[in-house]
Amino acid sequence: VSYPLDSGCIAYNPAGIVNLCNRLDVGLYNVFNFGSTKVRGNLNPVINRVDTNTRIWAYSPEVGGVYHLNKNLAFGLSIYNEKDLRVKYSKSFPLLGTTPVGFEYILEVVAPSVAAKFFDHHAFSLTLNYMVQRLRIKGLERLESFSESPNFVTNK
């Protein structure tokens, strides 16, 4: 059971929009990514090292709205980031390539929803989640020779 506070409830309880008023919500949240990698046990001492990734602040916008046709039927739309993962290292990994390694994965969701209220305590919803993914990888130049499309493997 969850109680809706804004149009972002479409992400976790879309039937809750029927309990909200007509509204437009805009938000921005931030995520701080930090991590490190330890490489050890190799015969080549150049490869053995500890590398911390660049500290990255990622900002993700979200927007949503609710519109009622009547007190028992509401339409809503929410656009938000489901996943946002970014890692960027300051050094290259010689086994993979010559430029610093980086990885970025973003999953955006566009979710139109319609909700109907039956009786006083029951609501049902139908939501279509349209998902858009973006993946960017840097620092994998040594893998280009294994690809059918070497121009699209890395640093794009």
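The values are calculated or read from the model by the stated rules, or taken from the named source; none is laboratory data. On a predicted model such as this, the values are computed, not experimentally measured, just so you know. Here the Cβ is made from the backbone with ideal geometry for all residues, glycine too, and neighbour counts use every protein chain on show. Ligands, DNA and RNA are stripped out before the accessible areas are found, and what is left, the full protein with its side chains, is counted by its heavy atoms. Shrake-Rupley method; radii C 1.70, N 1.55, O 1.52, S 1.80 Å.
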Starting from segment 90-109, keep only residues that are farther than 13 Å from E141 by Cβ and free of Cβ contacts under 8 Å to residues at least 60 places away in the same chain, then list their pairs with residues that are open to solvent by less than 20 Å² (accessible area, probe 1.4 Å) and in a strand (DSSP E or B) whose Cβ atoms are within a distance under 8 Å, requiring at least 6 positions of separation or different chains. S90/D51; S90/N53; K91/D51; I106/N81; L107/N81; E108/N81
Complete set of residues in segment 83-92 that are more than 16 Å from V39 (Cα to Cα) and exposed (fewer than 15 other Cβ atoms within 10 Å of the Cβ): K83, L85
Among (1) open to solvent by 70 Å² or more (accessible area, probe 1.4 Å); (2) among the aliphatic types (A, V, I, L, M); (3) within 30 Å of S7 (Cα to Cα), which single condition is L95 missing? (3)
Restricting to segment 1-40, name every residue that is open to solvent by 40 Å² or more (accessible area, probe 1.4 Å), in a loop (DSSP other than H, G, I, E, B), at pLDDT below 75 and not β-branched (V, I, T). S2, F34, R40
Restricting to segment 98-109, what's the tally of residues that are surrounded by fewer than 17 Cβ atoms within 10 Å (Cβ to Cβ), under 24 Å from S60 (Cα atoms) and in contact with an Asp or Glu (Cβ under 6 Å, 6 or more places away or on another chain)? 1
Look at P150 and say whether it is farther than 23 Å from N22 by Cβ and open to solvent by less than 90 Å² (accessible area, probe 1.4 Å). yes
What are the residues in segment 119-147 that are touching a strand residue (DSSP E or B) at 6+ places or on another chain (Cβ under 7 Å), of a type outside the set (S, T, Y) and open to solvent by 60 Å² or more (accessible area, probe 1.4 Å), if any? F124, L126, L128, N129, M131, V132, Q133, R134, L135, R136, K138
Boolean, I47 is over 27 Å from the mean Cα position of the chain (by Cα) and either outside any strand (DSSP E or B) or at pLDDT below 90 (or both): yes
